[in-house]
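Every read-out reported here was derived from the displayed coordinates using simple, explicitly stated rules and does not represent laboratory data. The structure presented is a predicted model; accordingly, all values stated were derived computationally and were not measured. Don't worry about glycine lacking a Cβ; one is built from the backbone with ideal geometry, like all the others, and counts go over all protein chains shown.
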Amino acid sequence: MPKLSPDEKWKRFNKKLNELMKVNDFFGLAITYYEMADFLKNEGKDNNHLRKIGYQMKLKLQSEELKRFTDSGVIKNVEILATDDSCESCKNLNHKILSIKEAQLKKPIPVEECTHKYGCRCTYLPVLE
């Protein structure tokens with residue numbers, strides 16, 4: 001497969017973003033923005049603005065998840081789950097239990113300063129009593 005030019009790469013990124021925006025896929029949008037940020041980093045360019053947008057998409061996703069938990073009427077607490085290869089900031093949150101209200105107020109995840117290539121991959125798990 002021939003290597004894509006930078007212009008072709010950006011066209012693909014933008015097409016993907018448009019498709020994801022149409023269906024409100026915040027996870028897909030976040031990952032795409034982080035992929036774009038990584039592309040810029042590999043080009044030796046500043047990528048902070050794209051990582052920030054990726055973070056905002058993940059923040060929206062996590063906020064919606066907490067709202068679904070609240071709306072269930074059953075879930076009162078959540079546990080943060082980090083991945084095995086998470087950065088130290090994320091690992092420090094692993095298995096932390098919070099009330100949904102506390103999680104909504106403090107917004108501990110996604111971790112904005114996460115150093116993983118695709119940003120914070122932590123998630124909330126419902127804690128059932």
Highest mean packing first, using Cβ neighbours within 10 angstrom, the peptides 16-25, 59-68 sort as 59-68, 16-25
Expressed in nanometres to one decimal, the distance between label points 7 Å along Cα→Cβ at K117 and R12 is 1.5
Cα-based Rg then Dmax for region 82-129, in Å, read 10.9, 35
Note to self, the chain gives a 222 nm [θ] from helices alone (DSSP H runs n ≥ 4, -39500 (n - 2.57) apiece, / all residues, nearest 500) of -17500 deg cm²/dmol
Rounded to whole Å, √(5λ) for the Cα gyration tensor eigenvalues of region 3-96, largest first, gives 30, 18, 9
Cys residues of the chain with no disulfide-compatible partner (no other Cys Cβ under 4.7 Å) are C87, C90, C122
Cross-link reach from K96 to lysines, straight Cα distance under 16 Å and at least 8 residues apart if same chain, gives K76, K106, K107
Taking 7-15, 87-95, 114-122 and ranking on average Cβ neighbours within 10 Å, highest first, one gets 114-122, 87-95, 7-15
